[in-house]
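Worksheet: the structure to be examined is printed underneath.
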Amino acid sequence: MVWFQIERSVKKEVVQTACLREKKSLTSMSFNYNTCLVCCLFIYITCSHRPACYNYTCSKPKRHYHAILLFAKKLLCSVIGFYFLLPPFLFSLCPCLVKEISALSMVSKAISSCIAGNISTLAWRNRMLLQEFHKCGQHNKEDSILEHYRALGLLFKRCTFLLPTKERLKFIYSKLSQVPCFTMGRCSAMPGCLGFASYGVFLQTLIAGWDELECHRVFNFLCDFTSLPRKIHTVVTSKSGVSPRLEIQIRLFCRNVLLDHWQSSRDTLFWLTRILKPWPMVNQARLIYIIYGPLTLDGRIGWQKLTEGAAEESNVKDMADAIRLLHGDQETKEWTADSVISLIDELSAVPSEWLLENSARLLILCGNRICYTSMASKAVNGRVNELARMVVFLALVCEKDSYCMDWAVKMMQKICKVFSNAEEKWNFLQTVENVFCQVTMELYESVMAGDRNEDTDTFQSLCNVLNANAHFHTEILYTFIKKE
Ligand SMILES: [Zn+2]
């Protein structure tokens, strides 16, 4: 065996290097057959972690590192004939070794197919596909489960490296589909289950660095095997809230598996586009609401939250973030300004017309650029009344959510410039003032006529509108003083 043809000093060095990571004293081991195999695995493991080797006290660390890596690789190749005799505990010894075994699978085709064969066994699956998704509770435990699935993602990525994408996905799916919590509709503990999140980090690790064409294939593959399009079709075409369980399953699958784990917003945009694009605009809006909209206290989609009363910022924040992503800093061919503005219009009518205050809150959270584009398009299309009401409610949201009123005034000034002549501008300003007056009067009449239970809320709303009016006009007057 190669091991026995090597100088004792080199043997000692490689074993010491291996010990750096394992913190065990292997030097005292006798070099029998099994030790040799274990060592060569550990050598490769350690050598695949450069920093550990570089830190090793050695006068020429870099040269040594490469020499050791080469040696380990040769050694592994030479014992490949004995590979099948590798003790099974190496593969199921401890989940924390998954990363190291994945590094081993890159040594040669034979080793990677051996590892692929090993992970197809029931014993491996029972031990390594951790399924304690419902008992987590503690952050540390959740983190370690996610970390384990990240490592498994790397293992599957590496040991299927030589297969064509489709075969690769089939192989991986055949293993993962046996975990009930990875499949829509098979877990009874949603949304408190960590299954989709684990699946998500697994998938993210697996396809990290793949080009767009391959990611398209992954999406199509997932659609075929999860029937995601059929399920989406059911919820976007039926009345909202009719299938609450399916709605939540789609939301959790899209968010936890496909969207939430990406570091780069470009990746999230890619996946969100894949989910939305096959559908007409009206269904896209409904889908955004399902994926990012507010939830009720019992974990269902909060379909009435934006139509029945003024909602908190957190209820529209995620939808605003999704829209910012579609029409953000990155130019994308798939989402033009017009399509995003139409999408916002559709969204603010899901499931029926939102309270204007909630639409204004969404627009503010979408940021300057989208807010201006949306309002300017109303100005260009002559929707002056609608536009003036939006200006008033932007001011109201600024007042209630403590944003700077200066922003609402500047937005109105910018919109004024969209009108081509003085007459149109004057008409617009008059309409804004009339709406202020009208909204105040409506609330005043409600206070006067309202029943006692609703009095406090309506009275508070009246106060907010009066304050918003005062602060809005103070800012306008202040702009004149600044000009002098
Ligand atoms: Zn579950």
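The values are calculated or read from the model by the stated rules, or taken from the named source; none is laboratory data. A quick note: this is a predicted structure, and the numbers were derived from the prediction, not measured. Glycine gets a Cβ as well: all are built from the backbone with ideal geometry, and neighbour counts include every protein chain shown.
Are any of the residues in the range 360-371 in contact with a helix residue (DSSP H, G or I) (Cβ under 7 Å, 6 or more places away or on another chain), in a loop (DSSP other than H, G, I, E, B) and under 20 Å from Ala285 (Cβ atoms)?
Yes, the conditions are met somewhere in the range 360-371.
Among the candidates Ser113, Ser120, Ser108, Ser174, which residue alone is touching a Leu at 6+ places or on another chain (Cβ under 9 Å), modelled with pLDDT of 70 or more and more than 16 Å from the ligand (Cβ to nearest atom)?
It is Ser113.
If you check Gly382, Gly328, which single one turns out to be in a loop (DSSP other than H, G, I, E, B) and either assigned by TED's automatic domain parsing to the domain that holds Met281 or more than 30 Å from Leu466 (Cα to Cα) (or both)?
Of Gly382, Gly328, the one residue that is in a loop (DSSP other than H, G, I, E, B) and either assigned by TED's automatic domain parsing to the domain that holds Met281 or more than 30 Å from Leu466 (Cα to Cα) (or both) is Gly328.
When both residues are 6+ apart or on different chains and their Cβ atoms are under 9 Å apart, which pairs have a first residue that lies in the range 405-433 and is within 19 Å of Asn469 (Cα to Cα), and a second that is loosely packed, with under 15 Cβ neighbours inside 10 Å and aromatic (Phe, Trp, Tyr)?
Asp406/Tyr478; Val409/Tyr478
I'd like the full set of residues that are within 22 Å of Ser102 (Cα to Cα), surrounded by fewer than 16 Cβ atoms within 10 Å (Cβ to Cβ) and within 16 Å of the ligand (Cβ to nearest atom), limited to the range 177-213.
Scanning the range 177-213 gives Ser177, Gln178.
Exactly one of (1) touching an Asp or Glu at 6+ places or on another chain (Cβ under 7 Å); (2) within 10 Å of the ligand (Cβ to nearest atom) is unmet by Val235. Its number?
(2)
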